[in-house]
Amino acid sequence: MSQSIKVFAPATVANVTCGFDILGFAVHQPGDELLLEIRDQPGLEIKDIQGDQGLLPRDPQKNTVSVAIAHLLDHLKLDCGFNLYLQKKMPLGSGLGSSAASAVAGVFGANLLLGKPLETLELLPFAMQGEALACGSAHADNVAPALLGGFVLIRSYQPLDVVKIPSPSELYAAVLHPQIDIATKDARSILKKQVPMKSAIQQWGNVAGLVTGLITENYPLIGRSMEDVVVEPVRSMLIPGFQEVKRAALDAGALGCGISGSGPSMFALSVGQEVAQSVGEAMTSALQKVDIGSDLFVSAVNQNGPLILSQDAAP
Ligand code: HSE
């Protein structure tokens, strides 16, 4: 059995406009890389974290990756330990599911080093514990697509019921990360606690339309359904240039555009890589006009989720 493994877990776009806390999809880049070494003596030791500007906790009781692995080990009643080396290859507080990618890398890698006692889907609750630590809420719309790949619907949280949704192979995302931070905890705390019935009707019509559009490869339906009347009106106020960037994406041919997760990243869906690239460039220029730098990622929907990069890897 391997003594060490290096894995990759992808960034994710959660909510996908109308599906607050219940819809998400994975992209190919960016993502996190995690090297894990298994050891006989109990305990989790964070040996190194790169790419976080020193911001993430090194205390294993406070770090997303180690907390997720600790919950997995508790469940399996195992008292072995792990050394962790994390390379954050994506921005923190970006709305790209950074903490979810780390938690997923942790449970995915640990499960493999332990001889795969659990199926991938069974790892979800442990990754959610890591996410809860980072965001103050155990939502699964980043963690589930990072773990399972593809588009994922969280049909229910209690009991947890997660469904993969087929999506067209020509569907591409342009994901724009403005270089400002918004903490998920803060972006959740400003949301209204109640939704008027009229908005709820509009929102669940859109969710059903989006899911149907994905399954039937009906692009106009996907576009019409990418409307969020509940969360976006509140959160978009935190993102300078939001309306301009969205307008630029739609004018450049995107099917729809919205906030990625809790922001500040924004995403647009398009048909084909070429259109997605032009859409992303139009979004970047629109943000430049309000003097905010950004990073752009253009990707098809990542149907795989996490990957093994190498086994018995050296730190
Ligand atoms: N559904 C979560 C939220 C995702 O919007 O708060 C956080 O990335």
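None of the figures in this text is laboratory data; all of them are computed from the coordinates on show. Source: prediction; values computed, not measured. Neighbour counts run over all protein chains shown; Cβ positions are idealised from the backbone, glycine included.
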Choose one of Ala100, Leu160, Phe8: the residue whose Cα lies farthest towards the positive end of the charge dipole of region 4-165 (beta-carbon charges +1 Lys, Arg; -1 Asp, Glu; about the Cα centre). Phe8
Sorted by packing (mean other beta-carbon atoms within 10 Å per residue), highest first, where do 211-220, 4-13 land? 4-13, 211-220
Relative to the present Cα-Cα distance, how much length would full extension add between Arg224 and Lys289 at 0.36 nm per residue of separation? 20.7 nm
In whole Hz and in residue order, list the ³J(HN,Hα) couplings for region 184-201 that follow from phi through the Karplus curve 6.51 cos²θ - 1.76 cosθ + 1.60, θ = phi - 60°; x for Gly and Pro. 4, 3, 5, 5, 7, 5, 8, 6, 5, 8, 10, 10, x, 3, 4, 5, 4, 4
Phi angles of region 289-302, converted by Karplus (6.51 cos²θ - 1.76 cosθ + 1.60, θ = phi - 60°) into ³J(HN,Hα) in whole Hz with x for Gly and Pro, give 5, 9, 6, 10, x, 7, 10, 10, 10, 10, 8, 6, 5, 7
What nm value, rounded to one decimal, do you get for the distance between Asp79 and Gln29 when each label is placed 7 Å out toward the C-beta? 4.5
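Tell me the mean residue ellipticity at 222 nm calculated for the chain from its helices only (DSSP H runs of n ≥ 4, each -39500 (n - 2.57), averaged over every residue, nearest 500). Walk me through the numbers on the way to the answer.
Working: 10 runs with 110 residues, N = 315.
It comes out at -10500 deg cm²/dmol, rounded to the nearest 500.
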Distance (nanometres) between label positions extended 7 Å along Cα→Cβ at Leu309 and Lys193: 4.4
Only Lys, Arg, Asp and Glu count, each charged at its Cβ (+1, +1, -1, -1), so figure out the dipole size of region 171-300 about its Cα centre, rounded to 20 debye. 580
Would you pull out the residues with amide H under 5 Å of Gly149's amide H, same chain only if 5 or more places away, H placed 1.01 Å from N? Gly305
Towards the positive end of the charge dipole of the chain, with charges on Cβ (+1 Lys, Arg; -1 Asp, Glu), say which of Gln202, His28, Ile46 has the farthest Cα. Gln202
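Using the Cα centre as the reference, give the magnitude of the dipole from point charges on the C-beta atoms of the chain (Lys, Arg: +1; Asp, Glu: -1; all else neutral), rounded to the nearest 20 debye.
Working: 21 positive and 30 negative charges, 122 e Å.
With Lys and Arg at +1 and Asp and Glu at -1, about 580 debye.
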Would you mind pulling out the separation of the Cα centroids of region 232-264 and region 290-314, in Å? 21
Rounded tilt (10° steps) of 64-76 against the dominant C-alpha axis of the chain: 60
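Based only on Cα atoms, what Rg/Rh ratio does region 171-300 have, Rh being taken as Kirkwood's radius?
Numbers: Rg = 14.5 Å, Rh = 15.0 Å.
Here Rg/Rh amounts to 0.97.
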Which GluC sites (Glu not before Pro) from region 78-155 combine a DSSP loop assignment with at most 15 other Cβ atoms within 10 Å? Glu119
Distance from region 157-218 to region 130-148 (C-alpha centre basis), Å: 14
Residues with amide H under 5 Å from that of Gly256, placed H, sequence gap 5 or more: Leu269
Across region 115-124, in residue order, what do the Karplus-derived ³J(HN,Hα) couplings come to in whole Hz, using 6.51 cos²θ - 1.76 cosθ + 1.60 with θ = phi - 60° and x for Gly and Pro? x, 6, x, 10, 6, 3, 4, 5, 7, 4
